[in-house]
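To start, the structure under review is shown below, and the notes come after it.
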Amino acid sequence: GVKPVWMQENRRVTGLELIPLAELRRPRIDVTVRISGFFRDAFPNLVHLMDQAVHMVADLDEPDADNLVAAHNRRDGGGDEALYRIFGSKPGTYGAGILPLLDAKNWTTDQDLADVYAAWGGYAYTRRDYGQPAKRQFEQRFAEIAIATKNQDNREHDIFDSDDYMQYHGGMIATIRALTGKNPRQFFGDSANPALVRVRDLQDEARRVFRSRVVNPKWIESVKRHGYKGAFELAATVDYLFGYDATAQIVEDWMYDRATQAYVQEPGMQEFFAEKNPWALRDIAERLLEAIDRGLWKNPSQEQREALRKAYLDMEVVLEGRGE
């Protein structure tokens, strides 16, 4: 229920303005934000604006049903800590902790993922406090999140070619699930074209990206032209697909099936990997087998199990033959 005030001459934000309830025609929503270390360092002014917005809304004398920020603030006894809504990593540090945890395979439950996400991200940022340890408030806020959303403002990446999406968004979803016992609603905002902003269900976004890029033969052939690095990108795509499923539970069996067909069983792919980057195919096979072992890929065929095991062992032989 707050909007920015713009200086029209240079399109800079000069302040904030409350939207009257009569104009808003809905309750003021209580929003919790998990910022990245880059955002923290590059845009401290925006952190201050967001914190200002929280306090502006919390100070309004409005009914609980119309103002969830004020209602929660009154319930929690007021004060600065009750209004912590912006969380990030410890000052001077970066990341969400999910990628190294998945790479180490050192997790078994949602709680393991949530513990790491909270340990890395449980620091509050306001106009007064810079990286204040606030794990308790972080978990309290996350336990009340009903909708988890992430926005993308460019076409340079998608959710399966950068670890940021599955770490920050997926980690948020896993943490909420660990705290509440259920997944929140999951959405993905696309504002790459400001004139045509779209909001998609996260699972719909996963299907869209998977079909249009991950198993698109044209994309696979184009990335193969990059040799070693292209093979690395194929392996990274499988890693991020797995990571988003481990955290947000959005990958369906047919997607694992199609990825195995396209990256492992497709004629010529093993020859490409063996020549350009055998480590990549070994890692792809290992990650897909891990998805089976963890129950993420629920019903693989015996043929696919064997194809993955064979690909893994074949690349081990290739690497041993090179003395690597």
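Beyond 24 Å between alpha-carbons counts as too far, so tell me which of LYS3/LYS90; LYS105/LYS218; LYS3/LYS150 fall in that bin.
On the way: LYS3/LYS90 29 Å; LYS105/LYS218 32 Å; LYS3/LYS150 19 Å.
From the list (LYS3/LYS90; LYS105/LYS218; LYS3/LYS150), the Cα-Cα distance tops 24 Å for LYS3/LYS90; LYS105/LYS218.
Could you report the chain's accessible area per residue, 1.4 Å probe, as an integer in Å²?
Normalised by residue count, the accessible surface of the chain is 50 Å².
Take the alpha carbon gyration tensor of the range 94-143, find the square roots of its eigenvalues, order them as a ≥ b ≥ c, and report rounded if a/c is under 1.5; if not, report prolate when a/b exceeds b/c, else oblate.
Oblate.
Quick one: which of 14-24, 231-241, 127-137 comes out on top by average Cβ neighbours within 10 Å, and what's the full order, highest first? Working shown, then result.
Details: 14-24: 11.7, 231-241: 21.8, 127-137: 15.2.
So the peptides 14-24, 231-241, 127-137, ranked by packing, come out 231-241, 127-137, 14-24.
As an exercise, use a Förster radius of 25 Å and the Cβ-Cβ distance of GLU320 and TYR228 to find the FRET efficiency, rounded to the nearest 0.05.
Efficiency at R0 = 25 Å is approximately 0.85.
Among DSSP beta bridges lying fully in the chain, give the percent that are antiparallel, nearest 5. Kindly include the intermediate steps, with their values, before the conclusion.
Values: 15 of 24 bridges.
Among the beta bridges of the chain, antiparallel pairing accounts for roughly 60 percent.
Just from its helices, what would the mean residue ellipticity at 222 nm be for the chain, if runs of 4 or more DSSP H residues each count -39500 (n - 2.57) and the sum is divided by every residue, rounded to the nearest 500 deg cm²/dmol?
-15000 deg cm²/dmol
Dipole size in debye (nearest 20) for the range 115-168 around its Cα centre, Lys and Arg Cβ +1, Asp and Glu Cβ -1?
Numbers: 7 positive and 10 negative charges, 94 e Å.
The dipole of the range 115-168 has a size of about 460 debye.
Indicate the gyration tensor shape class of the range 1-84 (rounded, prolate or oblate), computed on the Cα atoms with a ≥ b ≥ c the square roots of the eigenvalues: a/c under 1.5 is rounded; otherwise a/b larger than b/c is prolate and the rest oblate.
Oblate is the answer for the range 1-84, as a/c is 1.5 or above yet b/c matches or exceeds a/b.
Charges only on Cβ, +1 for Lys and Arg, -1 for Asp and Glu: so what's the dipole of the chain about the Cα centre, in debye to the nearest 20?
Here the size comes out at about 500 debye.
As I understand it, the dipole of the chain uses +1 on the Cβ of Lys and Arg and -1 on the Cβ of Asp and Glu, about the Cα centre. Which of MET255, ASN10, MET172 lies farthest toward its positive end?
Towards the positive end, the residue furthest out is ASN10.
Could the peptides 76-88, 214-226 be put in order, highest first, of the mean number of other beta-carbon atoms found within 10 Å of their residues?
For the peptides 76-88, 214-226, the packing ranking is 76-88, 214-226.
What is the Cα radius of gyration of the range 51-97 over 2.2 N^0.38 Å, N being its residue count?
1.41
The values are calculated or read from the model by the stated rules, or taken from the named source; none is laboratory data. In this text, all values refer to a predicted model and were calculated from it rather than measured experimentally. Positions of Cβ are backbone-derived with ideal geometry, glycine not excepted, and every protein chain shown enters the neighbour counts. Remember, those area values only see protein heavy atoms, side chains included, never the ligands or the DNA or RNA. Shrake-Rupley method; radii C 1.70, N 1.55, O 1.52, S 1.80 Å.
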